[in-house]
Amino acid sequence: MLKELKGSEAEFDSCINGKTSPHTGDLYEMVYPAGNETEQDTAYDFTYQYDEKFHSADDITIHTENSAADESIFVYRDSFGINLHPFLAQSYGNACFSRNMPYRLTAVTEEQPDVLLVELVERNLNWLLERAPEMPAPERTVVPAADTGTSAKAQRKDSRMEGTFCLTGDLSGQRVDDDSPIYILAETGTYEASPCGEGTQPFTAYFPQNVREQQLKAAFLSDGEWVFCALAD
């Protein structure tokens, strides 16, 4: 992976200290909940440093620095990142590892990394369709759309992001092209929603609070043409 990211082979042999580090993985604990065997991992003397907020590899957010390396990386990870993160921390001057799910993309904006990496165990790939990333809905150019004369259900909910609310709904009753983006038409602008959430044709978007009381519509491509439907709470 580091060869693809940095263009050179990763070399960690010089950091091996000749010892082993006992480790019990979460998959082992799932399959053998009463088991007490450990896996003897190779131990390394890495030179990166954790920031003062670090407690353990299970922290929701981890920051590291390594003055001997360059570039920065931001990693969304799950429990597999426990064994993975030390090698990435050693390879980058600055690294941030986040276990937040849904992904809070505002954190990436704050960090401004050179590399963004998502590590997600295969059995949870469906989360990418069900759990919309937390980010302000990007503004888009107004599209000329015809009124379908129909409506779709949507909910307006509070958001963890300050100054925003969350709009989520399902267009399953509409004829939406497979490759169509979903735009939300507000009185003050046009925004793109994430095609994630509950239902067969879900969408989720985060808007400024001043949009909360506005009349909203969903625009999408149907047979290659832009159309829109009303959104009903």
### Query
Going by the structure shown, is K53 out of contact with any helix residue (DSSP H, G or I) (no Cβ under 8 Å at 6 or more places or on another chain), open to solvent by 60 Å² or more (accessible area, probe 1.4 Å), in a strand (DSSP E or B) and of a type outside the set (S, T, Y)?
no
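Being under 29 Å from the mean Cα position of the chain (by Cα), in a loop (DSSP other than H, G, I, E, B) and under 27 Å from G7 (Cβ atoms) is the requirement here; does T64 meet it?
Considered against the rule, which asks whether it is under 29 Å from the mean Cα position of the chain (by Cα), in a loop (DSSP other than H, G, I, E, B) and under 27 Å from G7 (Cβ atoms), T64 comes out as no.
Looking at T24, T64, which one is in contact with a helix residue (DSSP H, G or I) (Cβ under 7 Å, 6 or more places away or on another chain) and of a type in the set (S, T, N, Q)?
Values: T24 fails: in contact with a helix residue (DSSP H, G or I) (Cβ under 7 Å, 6 or more places away or on another chain).
Of the residues listed, the single one that is in contact with a helix residue (DSSP H, G or I) (Cβ under 7 Å, 6 or more places away or on another chain) and of a type in the set (S, T, N, Q) is T64.
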### Query
Only one residue in E225, E119 is modelled with pLDDT of 95 or more and within 17 Å of R104 (Cα to Cα). Which one?
E119
### Message
Whether any residue in region 59-68 is of a type outside the set (A, V, I, L, M), touching a strand residue (DSSP E or B) at 6+ places or on another chain (Cβ under 9 Å), touching a residue at least 60 places away in the same chain (Cβ under 8 Å) and open to solvent by 70 Å² or more (accessible area, probe 1.4 Å) is what I want to check.
### Response
no
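Residues of region 86-101 being closer than 16 Å to F12 by Cβ and not in a strand (DSSP E or B), which ones?
Within region 86-101, the subset closer than 16 Å to F12 by Cβ is 86-92, 95.
Of everything in region 86-101, those that are closer than 16 Å to F12 by Cβ and not in a strand (DSSP E or B) turn out to be P86, F87, L88, A89, Q90, S91, Y92.
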### Query
How many of the residues making up region 131-151 are open to solvent by 90 Å² or more (accessible area, probe 1.4 Å) and of a type in the set (A, V, I, L, M)?
1
### Message
Please go through region 102-114 and give me each residue that is in a loop (DSSP other than H, G, I, E, B) and crowded, with 16+ Cβ neighbours inside 10 Å, ordered by number.
### Response
P102, Y103, P113
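Can we say L88 is surrounded by 17 or more Cβ atoms within 10 Å (Cβ to Cβ), farther than 30 Å from L221 by Cβ, more than 14 Å from the chain's Cα centre (by Cα) and of a type outside the set (F, W, Y)?
Numbers: surrounded by 17 or more Cβ atoms within 10 Å (Cβ to Cβ): yes; farther than 30 Å from L221 by Cβ: yes; more than 14 Å from the chain's Cα centre (by Cα): yes; of a type outside the set (F, W, Y): yes.
Considered against the rule, which asks whether it is surrounded by 17 or more Cβ atoms within 10 Å (Cβ to Cβ), farther than 30 Å from L221 by Cβ, more than 14 Å from the chain's Cα centre (by Cα) and of a type outside the set (F, W, Y), L88 comes out as yes.
Going by the structure shown, is E52 of a type outside the set (S, T, N, Q) and touching a strand residue (DSSP E or B) at 6+ places or on another chain (Cβ under 8 Å)?
Numbers: of a type outside the set (S, T, N, Q): yes; touching a strand residue (DSSP E or B) at 6+ places or on another chain (Cβ under 8 Å): no.
Against the criterion (of a type outside the set (S, T, N, Q) and touching a strand residue (DSSP E or B) at 6+ places or on another chain (Cβ under 8 Å)), E52 does not qualify.
If you go through region 156-164 one residue at a time, do you hit one that is open to solvent by 70 Å² or more (accessible area, probe 1.4 Å) and under 30 Å from F46 (Cα atoms)? Lay out the reasoning, then the answer.
Pass one, region 156-164, residues open to solvent by 70 Å² or more (accessible area, probe 1.4 Å): 157-158, 160, 162.
Narrowing further to those that are under 30 Å from F46 (Cα atoms): none.
There is no residue in region 156-164 that is open to solvent by 70 Å² or more (accessible area, probe 1.4 Å) and under 30 Å from F46 (Cα atoms).
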### Summary
Scanning region 74-85 for residues that are part of a helix (DSSP H, G or I) and open to solvent by 20 Å² or more (accessible area, probe 1.4 Å) gives I82, N83, L84
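Out of F87, F97, which single residue is touching a residue at least 60 places away in the same chain (Cβ under 8 Å) and farther than 17 Å from F203 by Cα? Before you say what the answer is, go through the steps one by one.
Numbers: F97 fails: touching a residue at least 60 places away in the same chain (Cβ under 8 Å).
When all the criteria are applied, what remains is F87.
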#### Entry: Answer residue from region 35-46, given it is in a loop (DSSP other than H, G, I, E, B) and open to solvent by 100 Å² or more (accessible area, probe 1.4 Å) and is farthest from G18 (Cα to Cα) among those
N36
### Within region 115-233, strands (runs of 3 or more DSSP E) holding 2 or more residues that are closer than 30 Å to E4 by Cβ and in contact (Cβ under 8 Å) with a residue 60 or more places away in the chain
115-118
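The values are calculated or read from the model by the stated rules, or taken from the named source; none is laboratory data. Here the structure is a predicted model, which means the values were calculated and not measured. Here Cβ is always computed from backbone atoms with ideal geometry, including for glycine, and neighbour counts include all displayed protein chains. Protein only, heavy atoms only, side chains kept; ligands, DNA and RNA dropped before computing areas. Shrake-Rupley method; radii C 1.70, N 1.55, O 1.52, S 1.80 Å.
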